[in-house]
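The values are calculated or read from the model by the stated rules, or taken from the named source; none is laboratory data. Not measured: the values here are computed from a predicted model. Note: ideal-geometry Cβ built from the backbone for every residue, glycine included; neighbour counts use all protein chains shown.
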């Protein structure tokens with residue numbers, strides 16, 4: 001973010017803030033409307049490719065990508081104080097299993113979110129599989 005205003009970037013803050021405070025209503029606007037305004041991640045945090053999970057490395061190689069492509073926009077988010085990933089295909093949050101231990105830094109959490117989203121979207125549990133079966137032409 002450009003300009004003044006005390007922007008702290010990726011250096012500041014508690015990585016578990018939205019797990020501890022489910023409401024997460026920080027800004028005056030959020031408090032005014034009584035709800036959290038989406039995407040709580042540092043958009044300036046460039047993915048660290050040294051932190052790719054083995055699954056993501058294999059997926060990128062299979063897809064023929066030199067970078068994360070559309071996955072760069074996927075970050076660990078939080079819904080009602082629970083870690084979750086936003087899936088644009090179903091327009092909703094996919095929560096992580098409660099027993100899953102989260103890494104202690106945002107870069108690793110984002111890589112985990114990317115991997116879990118790809119795994120979910122390619123699993124038979126994803127709602128688009130039902131649409132594919134129902135409307136497939138070939």
*Which one of the conditions (1) surrounded by 12 or more Cβ atoms within 10 Å (Cβ to Cβ); (2) at pLDDT 90 or above does residue 82 fail to meet, given that it meets all the rest?*
(2)
_Scope region 58-89; condition closer than 15 Å to residue 122 by Cα and over 14 Å from the mean Cα position of the chain (by Cα); matching residues_ = 58, 59, 60, 62, 63
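The rows are residues; the columns are (1) more than 16 Å from residue 117 (Cβ to Cβ); (2) modelled with pLDDT under 80; (3) loosely packed, with under 10 Cβ neighbours inside 10 Å; (4) touching a strand residue (DSSP E or B) at 6+ places or on another chain (Cβ under 6 Å).
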residue: 34; (1), (2), (3), (4): yes, yes, yes, no
residue: 42; (1), (2), (3), (4): yes, yes, no, no
residue: 64; (1), (2), (3), (4): yes, no, yes, no
residue: 77; (1), (2), (3), (4): no, no, no, yes
_Given the options 47, 97, 103, name the one that is modelled with pLDDT under 80 and either surrounded by 14 or more Cβ atoms within 10 Å (Cβ to Cβ) or assigned to a loop (DSSP other than H, G, I, E, B) (or both)._
47
*asked:* Of everything in region 107-138, what is in a helix (DSSP H, G or I) and touching a helix residue (DSSP H, G or I) at 6+ places or on another chain (Cβ under 8 Å)? Give them in sequence order.
replied: 107, 108, 111, 114, 115, 117, 118, 119, 121, 128
_Take residue 60 and tell me if it is in contact with a helix residue (DSSP H, G or I) (Cβ under 6 Å, 6 or more places away or on another chain) and either part of a helix (DSSP H, G or I) or at pLDDT below 85 (or both)._
no
*Can you tell me how many residues in region 68-94 are in contact with a helix residue (DSSP H, G or I) (Cβ under 8 Å, 6 or more places away or on another chain) and part of a loop (DSSP other than H, G, I, E, B)?*
7
_Here's a check for you: in region 92-125, which residue that is in contact with a strand residue (DSSP E or B) (Cβ under 8 Å, 6 or more places away or on another chain) and in contact (Cβ under 8 Å) with a residue 24 or more places away in the chain is nearest to residue 75 (Cα to Cα)?_
113
